[in-house]
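The values are calculated or read from the model by the stated rules, or taken from the named source; none is laboratory data. These numbers come from a predicted model, not from an experiment. We place every Cβ from the backbone using ideal geometry, glycine too, and count neighbours over all the protein chains shown. Calculation scope for accessible area: heavy atoms of the full protein, side chains included, ligands and nucleic acids excluded. Shrake-Rupley method; radii C 1.70, N 1.55, O 1.52, S 1.80 Å.
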Amino acid sequence: MASENGGRGALIPLLLVLLLLGGGGAWNYHRNLARESQEDRPLRGYAEADLEKLLSAYEKEKERAVRRAGATRRAAPKDAPGQLVGEKVREFERVQRASQRVRDANGVLAENEMMVERIHQELDRRSQERDPMAVFVRRLTTIDF
């Protein structure tokens, strides 16, 4: 009889610990699941094949933008002595247009690089989500505040 009470006395704290771990794990899983659903993933709705095509198109456009940005140089004004005011104004406008082309080419390049990076991030995320057990364990055990 004494040995039965001793076994029961050790079993109750063990069950409480298991119950607390199970409840805490379930709470953490649902908390992480809610965080994942609120993440900013604008490419989530695209099929993977479409993402691959989109990535290919952006990489081609990025190559063109690199060439365009590299081909454009900063325009230097040609200041000739004895130039009239009207000629200086036209020269100033030419330099402004050339500078705007450089800024536009660099802006397009930056946008393309950003989209290529976002697509790579989405594809990497999807490759990590292919194993349902790994996703379950990550949601269960990830603790971030």
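General observations
- Residue match in segment 74-81 (condition: assigned to a helix (DSSP H, G or I), open to solvent by less than 60 Å² (accessible area, probe 1.4 Å) and either more than 27 Å from Asp124 (Cβ to Cβ) or modelled with pLDDT of 85 or more (or both)): no
- First in segment 20-42 and of a type in the set (Gly, Ala, Ser), second anywhere and open to solvent by 70 Å² or more (accessible area, probe 1.4 Å) and assigned to a helix (DSSP H, G or I), Cβ under 9 Å, 6 or more apart: Gly25/Thr141
- Which listed residue is closer than 20 Å to Arg35 by Cβ, open to solvent by less than 80 Å² (accessible area, probe 1.4 Å) and assigned to a helix (DSSP H, G or I), from Val116, Val108, Val137: Val137
- Residue in segment 1-8 that is modelled with pLDDT of 90 or more and open to solvent by less than 90 Å² (accessible area, probe 1.4 Å) present: no
- Test: residue in segment 120-127 that is outside any helix (DSSP H, G or I) and either within 25 Å of Gly45 (Cβ to Cβ) or open to solvent by less than 70 Å² (accessible area, probe 1.4 Å) (or both): no
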